[in-house]
Structures are given as structure tokens and as C-alpha cells.
Amino acid sequence: MPNPANKAAHYKQPITALLSTVLFLTMTSVASAGPHIPEMTVTHGATHCANDIQTQSQSHRPKYQSMRQRNMNCMLTQLQAYQQKNMSARQQYFAYKAQAWLNYALHQDSMNSRSPAGQQAAQAAETILNTLKNGKEQDLNLIQDIPSNSALMRPDLWATLSALKDSGGIESAPREIAFSEVALIWAATNQCERGWRESGIHFRMVDRWLEQAREAYVNTHDSQTNVALEELIVSYYKQYETLDTSADSCRGQVLTPIR
């Protein structure tokens, strides 16, 4: 099967793919009204959002937003505190990753999707926020296994991502690495659910973000370290190439670090 990212470049992207890009890049998203969607379970770490929403006067609540959507937007606001430059790169990385998961979940809501992917994304973000608020970000694993509703469809991009993370790349580009990671998962999920025309725009976004992260890394390291990064990318690609799926089926993937 042709490379989905290249193949999709020859087609006009559906409006849903374009909307997903806008929502992904936006710090807060506003979802349109639609059929009832089950509310996200609120655990102890997100109780502050639920309480704030409950105490707001009805006149200040957007009528087109469900409690679930308001809760996710509240969490997006809470995450901004951990994305500041005075925070550690690890805190910034996970805060941006949680933002990306929430943007994905809000996008799923805006499309009235019945896929479990949106709920899983919201729960992943909530877990990260809870951990950041408890000062336990060291307990969060930098290795992101691919969930069962996604697949490893671009081993070249995953290889670059993994090599940058292994080499301390989040120190120079926490935002770009976090966003690219979630977008890689999002792209494959879209392809499995709706076909390769829904994935190309996300793969191109990942390509741009990783190029920015790679440039930031190269500019802050010496030539020997940069050569080591390139060699690690090649090693990861050789490992991931055999895992690449071309059947448009999502079964997840456990990613084993080289280092």
C-alpha cells in the first residue's frame, strides 16, 4: 500500500480533517451541540473543575457545552500553569501532551463521535493533570506505547520521535515533541476508523513539529552528539519498520526503547 501521507497529498482533504487540525492547534476548543454523550468520569484530581463549573451562575455557562466539555476546557486552563518557562521541561512536555489529548477529545465531541478514542484521550489527560498537581511527574513514563485503537503507521516519524526523547530532546522542544506524539496516534486512529484520507494532514503536522524539534536539538548540541542522534534515529527506524502496519488495522503496539 502506498505511503498514506504521500498518497493523501494528491487529494483535497475533507473538511473534518481540516477542522481537526484547527482544534488540535487551539489551546481551548469550543464544541458544538449534538446528541447526548456520556459524561467523563471526574476523579479526585479534577474535582476542582467540576466544583467550579457547578458554582458558576447559569448565565455564565455556554449553553452549547455539555458538562463534559466544560470540564475539559477547565482542565485546559489548569494545564497552562505547567506550560510556563519556569517549569521543568518534563512538566512542560506532559502538560502539552495533556493539552493535545484534550484537544483530541474535544474534537471527537464536536464531531459527535461514538468512538471510545475520545473518552480514552480525556482520561489520559486527566491522569497527567492529576499527576502534575501532585508533583509526581517523575512517575509518568516517557515511553508512549501505542494504544489499541491506533497503530504504528509511520515508522520514520516514530523513529525520530523516540530518538529525540531518548536523547533528552524534550529539554529543547517539549511542546513540539508532545504534540507530535499525540498527533501520530491520532492520525493512525483516524485512518483505521475513516480511511487514509483522514490521516495525511496529521502526518504532515507531525513531520513539521518533529523537524522543529530536531532543529532545536541540533542547535543546542555539538556535532558528535548530533551524529549520535542521527544514528539512533536509524536504529529505531530499523526496529519499527518491521512493526509497520499497512492493513489499516489498529491493534496497538508496545514500543521497546533501544537505550
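Things worth noting here:
- Subset of segment 216-259 (residues that are of a type in the set (A, V, I, L, M) and either open to solvent by less than 80 Å² (accessible area, probe 1.4 Å) or without any contact (Cβ under 8 Å) to a residue 60 or more places away in the chain (or both)): Ala216, Val218, Val227, Ala228, Leu229, Leu232, Ile233, Val234, Leu243, Ala247, Leu255, Ile258
- Segment 121-147: number of residues that are part of a helix (DSSP H, G or I) and under 20 Å from Trp158 (Cβ atoms): 2
- Filtered residue count, segment 69-113, keeping only those that are in contact (Cβ under 8 Å) with a residue 24 or more places away in the chain, open to solvent by 40 Å² or more (accessible area, probe 1.4 Å) and basic (Lys, Arg): 1
- Ser150 vs. criteria under 17 Å from Val218 (Cβ atoms), open to solvent by less than 10 Å² (accessible area, probe 1.4 Å) and polar (S, T, N, Q): no
- Candidate set from segment 148-200 (those that are among the hydrophobic types (A, V, I, L, M, F, W, C) and in a loop (DSSP other than H, G, I, E, B)); member that is modelled with the highest pLDDT: Ala173
- Each residue in segment 153-181 was checked for being open to solvent by 20 Å² or more (accessible area, probe 1.4 Å), closer than 11 Å to Leu229 by Cα and among the small types (Gly, Ala, Ser), and 2 of them qualify.
The values are calculated or read from the model by the stated rules, or taken from the named source; none is laboratory data. Just so you know, these numbers come straight off a predicted model, no measurement behind them. Please note: Cβ atoms are built from the backbone with ideal geometry, for glycine as well, and neighbour counts cover all protein chains shown. Note: accessible area is taken over every heavy atom of the protein model, side chains too, but ligands, DNA and RNA are not part of it. Shrake-Rupley method; radii C 1.70, N 1.55, O 1.52, S 1.80 Å.
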